[in-house]
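Reading through the structure tokens given below for one structure.
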Amino acid sequence: MDEKQPLLEFRDVDTFYGSLHILKDVSYTVGEHEIVALLGSNGAGKTTTMKTILGLVQPRDGSIHLGDTRIDGRSTREIVTLGVAPVPEGRRVFPKLTVLDNLKMGAWTRKDREIQQDIDRVYSLFPRLAERKNQLAGTMSGGEQQMLAIGRALMARPRLMILDEPSMGLSPILTERVFDTIVEINKQGTTIFMVEQNAYMALNIASRGYVLQTGRVILSGTAQELLSSDMVRKAYLGET
Amino acid sequence: MAARWHALTDAYHDTPLLRRFAVLLVVVLAFLFPVFMGSVGVDDATFAEVYVLLALGLNIVVGFAGLLDLGYAAFFAIGAYTAALLASSHFAVNRTSFHSLLLTVGPGGIHVNFFVLIPLSALVAAFFGILFGAPTLRLRGDYLAIVTLGFGEIVPKVVENLGDGNSLGLPNITNGVNSITGVDSPPNIDLGPIHWTFQTNDPRPWYYLGLIIVIISVIIIYRLRDSRLGRSWVAIREDEIAAAHAGINITGTRLTAFALGAAFSGFGGLLEASRLANVSYDQFLFTVSVTILTMVILGGIGSIPGVIVGGIVIAYMTQTWLTTVASWVHSLGDGLHKGPEPVSTIGAWLQSLPVTSAKPMIFGIILVGIMLLRPAGLWPEQRRARELHPDTEKTLEEEQAELYTVRTGEI
């Protein structure tokens, strides 16, 4: 992956909440068409990483690049328009809109006439959403809402999809389904950067990963390297 | 333009036949209303039209965008004063004089044609909406409500204090506590069979004018609701963070809701100013803001027909129905007074009961009752085709069963 121009790059990023130093000199690269997993325990700075990409938190130091474009200092709207689609933590579907309207909201930044094709594409990826297109999103199960959140993000035709804990609150079977879909989406050409607590599942589908601890990247490498590292095995896979 | 027109006709054709018929019936009845009603009834109906316009406008802010505005009367005041200042003898221009169909300027004051004032009053109100909204719309919920409450207080106060000999040393802008009188009526209309002469003794032309403005506003608001902008309002109302993640500019979108909501109160203000020919700062106090908000909530937040019904109900309740109730109580007292003791004592008490001064209390009781019985409003927002598919539960069961058989198969 090294020879490729990275799609997303963090260069020595530092972020703060007030005086609280969260991300400390963090660098990531996510190459085009890769799946990259970001692992870390609670409070390590995973969600802050996602917020920093989206411009919800601005770095105090360092820079963030999306392809050739520098995206730190830009508004969320601009960043989304440049091709970053978030699947936020806790899904955040619009509860009182129908499934179909939620999907249409995902295509908000687009002005082309191929939105219906993409809706059909999401439906073929998640047949369950097609069955429930007129149902209010808030009345669906957690797994269905997660599918909808991913489908909504796909509607933006993103270059980079960032997922914040897609397995949160899902049963093991549903988690597997969601991860299968992430692989499928990646195969269709979308780059994936995901935050995940479920290290084993995440590293199984990722090509590379980073391990974050109290705001610092303490380990990075290919998924295989991470899976076989003692540190990851002890801290995340429960082995002694 | 053509595409927009097609969208409008499509929306019409998508509406079920029964609904189309019902809407048509309501419009026809509304046009025939003055034929059956005396002039007092028509006058009350015109008052209701003004309030329906205001409620429709506030519904954009509160219902669509989910921003609680407690000072909406400020924009009503701005619309009314725009009309009053630009279509009365208030601003006398002594040096020059100019006369034309659309604008007359001279020692007799500035007189802008009513039909020019229709877009102008909306634009001025929308401008103030942006002016008030731009620095404050980053606030949310309760905090925004307090700020709007402040604007609702500021505007009438400023108007009250910008009269003759104000302490700021400014010229007489608003005529202060003396109010502005002699606001122009719309020009007379002679179109084929239609002859409308706008006079104070005949409310019918006012009623028809108001009705046309209401109908056009309703069409515009329906189109707004179903537009890209309308969807972004709903998205922000539902989940601000998710809306931002979809690429919506939160503050800018809220600002459009504020400005467009204000624009419709500009229509209301214009109609009210020219109908009463008189504008005073105390027509726009806090109670007016609350009354309009009550119309929106009682009718059904976010529901266009609901808000219209809410506006009509409250306007009539405050204008006429409570007076009618008072006369019922008094005539009941008259009847009972003729009866034997102790009924006659009760009758005498009812005869002199000051029902009219208890209006606010009765009004309050009715509101509490309606909200308890119909908490979502008289005509809640209809979600389009939101019913569950009847077989949804079954598919869920099947899918889970299938999942588990796959699992056991693997093991």
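The table for this structure:
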item	result
Candidates B:G377, B:G369, filtered to the one that is open to solvent by less than 40 Å² (accessible area, probe 1.4 Å) and either part of a helix (DSSP H, G or I) or in contact with a Phe, Trp or Tyr (Cβ under 6 Å, 6 or more places away or on another chain) (or both)	B:G369
Within segment B:265-289, considering residues that are open to solvent by 10 Å² or more (accessible area, probe 1.4 Å) and under 20 Å from B:G57 (Cα atoms), the one farthest from the other protein chains (Cβ to nearest Cβ)	B:R275
Candidate set: segment A:78-119, residues that are within 16 Å of A:I150 (Cβ to Cβ) and free of Cβ contacts under 8 Å to residues at least 40 places away in the same chain; chosen: the one nearest to the other protein chains (Cβ to nearest Cβ)	A:L100
Segment B:185-212, residues that are open to solvent by 20 Å² or more (accessible area, probe 1.4 Å) and touching a helix residue (DSSP H, G or I) at 6+ places or on another chain (Cβ under 6 Å)	B:S185, B:W196, B:R204
Residues satisfying the stated conditions in segment B:61-90, i.e. modelled with pLDDT of 95 or more and among the polar types (S, T, N, Q)	B:T82
Looking only at segment B:290-326, and only at residues there that are open to solvent by 60 Å² or more (accessible area, probe 1.4 Å) and more than 27 Å from B:V147 (Cβ to Cβ), the one that is modelled with the highest pLDDT	B:I312
B:Y81 part of a helix (DSSP H, G or I), open to solvent by less than 50 Å² (accessible area, probe 1.4 Å), touching a residue at least 60 places away in the same chain (Cβ under 8 Å) and out of contact with any helix residue (DSSP H, G or I) (no Cβ under 6 Å at 6 or more places or on another chain)	yes
Check on A:L125, at negative phi, more than 14 Å from chain B (Cβ to nearest Cβ) and in contact (Cβ under 8 Å) with a residue 40 or more places away in the chain	yes
Any chance A:V57 is among the β-branched types (V, I, T), surrounded by 18 or more Cβ atoms within 10 Å (Cβ to Cβ) and part of a loop (DSSP other than H, G, I, E, B)	yes
Residues of segment B:247-264 satisfying the condition of being open to solvent by less than 10 Å² (accessible area, probe 1.4 Å) and over 15 Å from B:F75 (Cα atoms)	B:G247, B:I248
Residue ranges of helices (runs of 4 or more DSSP H) in segment A:141-239 with at least 2 members more than 14 Å from every other protein chain (Cβ to nearest Cβ) and surrounded by fewer than 18 Cβ atoms within 10 Å (Cβ to Cβ)	A:172-187, A:199-205, A:223-228, A:230-235
Total residues in segment B:232-254, condition assigned to a helix (DSSP H, G or I) and either within 8 Å of another protein chain (Cβ to nearest Cβ) or touching a Leu at 6+ places or on another chain (Cβ under 8 Å) (or both)	12
Evaluation of A:G73 against (1) surrounded by 21 or more Cβ atoms within 10 Å (Cβ to Cβ); (2) more than 21 Å from A:V195 (Cα to Cα) (one fails), failing number	(1)
Lone qualifier among B:S121, B:S100 - being among the hydroxyl-bearing types (S, T, Y) and out of contact with any Ser or Thr (no Cβ under 8 Å at 6 or more places or on another chain)	B:S100
Options A:R110, A:R91; residue that is crowded, with 18+ Cβ neighbours inside 10 Å and either of a type in the set (A, V, I, L, M) or at pLDDT below 95 (or both)	A:R91
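Conditions tested, residue by residue: (1) within 28 Å of B:F64 (Cα to Cα); (2) part of a helix (DSSP H, G or I).
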{"position": "B:V296", "(1), (2)": "yes, yes"}
{"position": "B:I301", "(1), (2)": "yes, no"}
{"position": "B:G311", "(1), (2)": "yes, yes"}
{"position": "B:M317", "(1), (2)": "yes, yes"}
{"position": "B:T323", "(1), (2)": "no, yes"}
{"position": "B:G335", "(1), (2)": "no, yes"}
{"position": "B:P340", "(1), (2)": "no, no"}
{"position": "B:L353", "(1), (2)": "no, no"}
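The values are calculated or read from the model by the stated rules, or taken from the named source; none is laboratory data. All figures in this text were calculated on a predicted structure; none of them were measured in a lab. No Cβ is skipped: glycine too gets one built from the backbone with ideal geometry, and neighbour counts run over all protein chains shown. Keep in mind that these areas ignore ligands, DNA and RNA; they rest on the heavy atoms of the full protein, side chains included. Shrake-Rupley method; radii C 1.70, N 1.55, O 1.52, S 1.80 Å.
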